[in-house]
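Q: Just passing along the structure, written as structure tokens.
The values are calculated or read from the model by the stated rules, or taken from the named source; none is laboratory data. Source: prediction; values computed, not measured. A quick note on method: Cβ atoms are made from the backbone with ideal geometry, for glycine too, and the neighbour counts reach across all protein chains shown.
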Amino acid sequence: MAVRHRWLGQHLAVTPPIKDGAEVACRGQWVITHTATGFSCATLLCSLKKATEVAKNWDARFGLITVPSDVQQWPHKKAWGETVSAINCPWSTSISPDDSDDIAATSAAEAGRPIDQAGTVRRMMWRGKWWQLPTDTELELWVMDSCCETPDGRTVEPDHPESWLSILNLI
């Protein structure tokens, strides 16, 4: 069975995941494929709109790759990896630009909150608002418990799509 691409550029295509030659319905998961080699460049955990945006922005740069061995000298390899990580692991790169909360880094560190190297409390964007990341202790409790919080404080099951554990791709 041929897999239908959702977006096709000159060098990249966005498709749903494939297993045993067939599309897999997996909400929020998209594969960016290099059309010249047929190799998967990344599996992104995001919306189709975001995956398409990324593919469009990177399409021309992937034109430098014509055979698999070109990847070793590809000048954009590091930046591509950082782009994929920023999408799939937003908590590791997203830091709130809003200092209006004026949360002291020392009190955040004492509370076990994730902070970056500059002492800024780590946050991630969810539903248009910045949310402070949970502590490792909170995450561990939710993994072992039958309930978990959402960024806005609701209590849901750990595998609920809006639980912190789901959002952070921990389950």
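Q: Which of the residues that make up the range 150-170 are under 20 Å from the mean Cα position of the chain (by Cα) and not in a loop (DSSP other than H, G, I, E, B)?
A: Within the range 150-170, W164, L165, S166, I167 meet the criteria.
Q: Looking only at the range 1-42, count how many residues are among the hydroxyl-bearing types (S, T, Y), surrounded by 15 or more Cβ atoms within 10 Å (Cβ to Cβ) and within 29 Å of L168 (Cβ to Cβ).
A: In the first step, residues of the range 1-42 are kept if they are among the hydroxyl-bearing types (S, T, Y); the result is 15, 33, 35, 37, 40.
Subset that is surrounded by 15 or more Cβ atoms within 10 Å (Cβ to Cβ): 15, 33, 35, 37.
Now restrict to residues that are within 29 Å of L168 (Cβ to Cβ): 15, 33.
Total satisfying the criteria: 2.
Q: Name the pairs whose Cβ atoms lie under 7 Å apart, with the first residue in the range 121-147 and in a strand (DSSP E or B) and of a type in the set (V, I, T), the second at pLDDT 80 or above and surrounded by 11 or more Cβ atoms within 10 Å (Cβ to Cβ), and 6 or more positions between them or separate chains?
A: V121/Q132
Q: Got a sec? Which of E140, E82, E157 is in the same structural domain as A42 (by TED's automatic domain parsing) and modelled with pLDDT of 60 or more? Break it down stepwise before answering.
A: Working: E140 fails: in the same structural domain as A42 (by TED's automatic domain parsing); E157 fails: in the same structural domain as A42 (by TED's automatic domain parsing).
E82 is the lone residue from the list that is in the same structural domain as A42 (by TED's automatic domain parsing) and modelled with pLDDT of 60 or more.
Q: Further question on the same structure: What residue, of K49, K78, is within 23 Å of C26 (Cβ to Cβ) and either among the charged types (D, E, K, R) or buried (at least 17 other Cβ atoms within 10 Å of the Cβ) (or both)?
A: When all the criteria are applied, what remains is K49.
Q: Also, I was wondering about something else. So how many residues does the range 19-45 have that are touching a strand residue (DSSP E or B) at 6+ places or on another chain (Cβ under 7 Å) and over 20 Å from K78 (Cβ atoms)?
A: 8
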